[in-house]
1. Could you pull out the residue among 1, 51 that is out of contact with any helix residue (DSSP H, G or I) (no Cβ under 6 Å at 6 or more places or on another chain) and either farther than 27 Å from residue 170 by Cα or not hydroxyl-bearing (Ser, Thr, Tyr) (or both)?
2. Please give the number of the condition residue 180 fails out of (1) within 24 Å of residue 135 (Cα to Cα); (2) more than 16 Å from ligand 2 (Cβ to nearest atom); (3) in contact (Cβ under 8 Å) with a residue 24 or more places away in the chain; (4) not aliphatic (A, V, I, L, M).
3. Residues being in a helix (DSSP H, G or I) and either among the polar types (S, T, N, Q) or closer than 23 Å to residue 179 by Cα (or both): count how many of those fall in the stretch 101-124.
4. With the requirement that a residue be among the acidic types (Asp, Glu) and under 23 Å from residue 100 (Cα atoms), what does the stretch 28-84 give you?
5. Say we look at the stretch 171-210 and pick out the residues that are out of contact with any strand residue (DSSP E or B) (no Cβ under 7 Å at 6 or more places or on another chain), among the small types (Gly, Ala, Ser) and within 15 Å of ligand 1 (Cβ to nearest atom); which of these is farthest from residue 116 (Cα to Cα)?
6. Assess whether residue 168 counts as being assigned to a strand (DSSP E or B) and either more than 9 Å from ligand 1 (Cβ to nearest atom) or at pLDDT below 95 (or both).
7. Could you please let me know if residue 140 is within 26 Å of residue 21 (Cα to Cα), more than 8 Å from ligand 1 (Cβ to nearest atom) and free of Cβ contacts under 8 Å to residues at least 12 places away in the same chain?
8. Can you find even one residue in the stretch 187-204 that is part of a loop (DSSP other than H, G, I, E, B) and away from ligand 3 (no atom under 16 Å from the Cβ)?
Amino acid sequence: MKIDLLNQIRATNPVVLNISNFVTVQDVANGINAIGGSPIMSEEIRETDEMVGISNAVTLNLGAFSKPQVAHILAMGKAANAQHKPLVIDPVAVGAISFRKKTALDLMNQFQVDVIRGNAGEIAALADVAWDAKGIDAGSGNQDVVEIAKKAAQKQNCVVILSGATDVISDGEHVARVFNGTPLFQLHVGSGDMLSSIVGAFCAVSDGDYFEAAQTACLVFASIGQLVADQMKAERPGTFAVRLMDELHLATVADIEKIAQFD
Ligand SMILES: Nc1ncnc2c1ncn2[C@@H]1O[C@H](COP(=O)(O)OP(=O)(O)OP(=O)(O)O)[C@@H](O)[C@H]1O
Ligand SMILES: Cc1ncsc1CCO
Ligand SMILES: [Mg+2]
C-alpha cells in the first residue's frame, strides 16, 4: 500500500473534475480540497472537452441524475476515455432502483471506467448477486462481499471498491481489504460520495495503477474517519463531519501508518 500517494496529492494538487449530486456537492468539493486536491464541478455539457482537458481525474456521481445530466455524464465519460484521464463512477442506489441500474449499465457500455466505488447493495446489483439494498444505503445480504467485488470487477473490466465496515477492493483477480473506519461514516450522508471523488484524486497521482490508488484512497479515508471517531466521546454526526474535514487536511502519512489495518 503506497500511503505516500497522500503526500503526492498534497504536493501536486491534482484537478479532480466531478459531476456531483445536489445533495452532497459541497462536501465532495471540500473533501477533495481538504485532502490536497483541486475540485471542479460541471453542470454544462458544452464545456465538457475543455473541462476534461484541464483535469487530472474525473469522477461521475449518479446520485440524482436527470435526463440532461445523463447526456452530460455520457459526454464526460467518453471525453475522459478519449483524453486518457482516469475515470471513477459512483453508482448511487443502483441496488434499490432498477432504472438506475439500467442507466448505469448503459453508460458503462459506452465508456470504460477505471474504478467503480459503491456500497455492498450497489456493487451486488452490478455483479447480479441477490442483495437487499435499501435506498442509498448498503442494506443487507449474506453473500460473500469479496466474491461480489471480484465478480463486478470482472463484469465491468475495472477496479471495484465495495465499501462498508470492511472495504473490499478488487481488479477481478487480486483482492485487498481495508479494515479501518468508523460507523460514524454512516451518520453522514455523502461519506461515500466524498470517498469516490477522493479515489479520483488518488488515481490522478497513481501513474496508472488504479488498483493501488483505490486501496490507498480507502485506507486513507477510512483511517482518517477512525482517527476522528477515536477522539470523540459520543456519536455526534455534525461534529464528526466537521472534524473529518479538518483531519483530511491535517492527518499525516505517519498518523495513518500507526493505525492502518489491511491485507
Ligand atoms: N460500519 C462501518 N464501520 C466502519 N466504516 C464504515 C462502516 N460503514 C461505512 N464505513 C466507511 O464509510 C465510508 C463510506 O462508505 P459507505 O459504504 O458508507 O458509502 P455509501 O453507502 O455510498 O455512503 P453515502 O451514500 O452516504 O455516500 C468508507 O470509508 C467506509 O469504509
Ligand atoms: C440522499 C441522496 N439522494 C440521492 S443522492 C444522495 C446523497 C448520497 O449519495
Ligand atoms: Mg453512496
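The values are calculated or read from the model by the stated rules, or taken from the named source; none is laboratory data. Keep in mind it's a predicted model, so treat the numbers as computed, not measured. So basically every Cβ, Gly included, is an ideal-geometry build from the backbone, and we count neighbours across all protein chains shown.
1. Working: 1 fails: out of contact with any helix residue (DSSP H, G or I) (no Cβ under 6 Å at 6 or more places or on another chain).
Only one candidate qualifies: 51.
2. Going through the list (1) within 24 Å of residue 135 (Cα to Cα); (2) more than 16 Å from ligand 2 (Cβ to nearest atom); (3) in contact (Cβ under 8 Å) with a residue 24 or more places away in the chain; (4) not aliphatic (A, V, I, L, M), residue 180 breaks only (1).
3. Here is the first cut: in the stretch 101-124, the ones in a helix (DSSP H, G or I) are 101-110, 120-124.
Among the residues that remain, those that are also either among the polar types (S, T, N, Q) or closer than 23 Å to residue 179 by Cα (or both) are: 103, 109-110, 120-124.
Residues that pass the stated criteria total 8.
4. Pass one, the stretch 28-84, residues among the acidic types (Asp, Glu): 43-44, 47, 49-50.
43, 44 - these are the residues of the stretch 28-84 that are among the acidic types (Asp, Glu) and under 23 Å from residue 100 (Cα atoms).
5. Pass one, the stretch 171-210, residues out of contact with any strand residue (DSSP E or B) (no Cβ under 7 Å at 6 or more places or on another chain): 172-174, 180-191, 194, 198, 202, 205-209.
Narrowing the set further to residues that are among the small types (Gly, Ala, Ser) leaves 172, 181, 190-191, 206, 208.
Still in the running and within 15 Å of ligand 1 (Cβ to nearest atom): 181, 190-191.
Numbers: 181: 19, 190: 16, 191: 15 Å.
Checked the stretch 171-210; the qualifying residue farthest from residue 116 (Cα to Cα) is 181.
6. Numbers: assigned to a strand (DSSP E or B): yes; either more than 9 Å from ligand 1 (Cβ to nearest atom) or at pLDDT below 95 (or both): yes.
Judged against the criteria, residue 168 is a match.
7. Values: within 26 Å of residue 21 (Cα to Cα): yes; more than 8 Å from ligand 1 (Cβ to nearest atom): yes; free of Cβ contacts under 8 Å to residues at least 12 places away in the same chain: yes.
Yes; evaluated as a whole, the condition is true for this residue.
8. no
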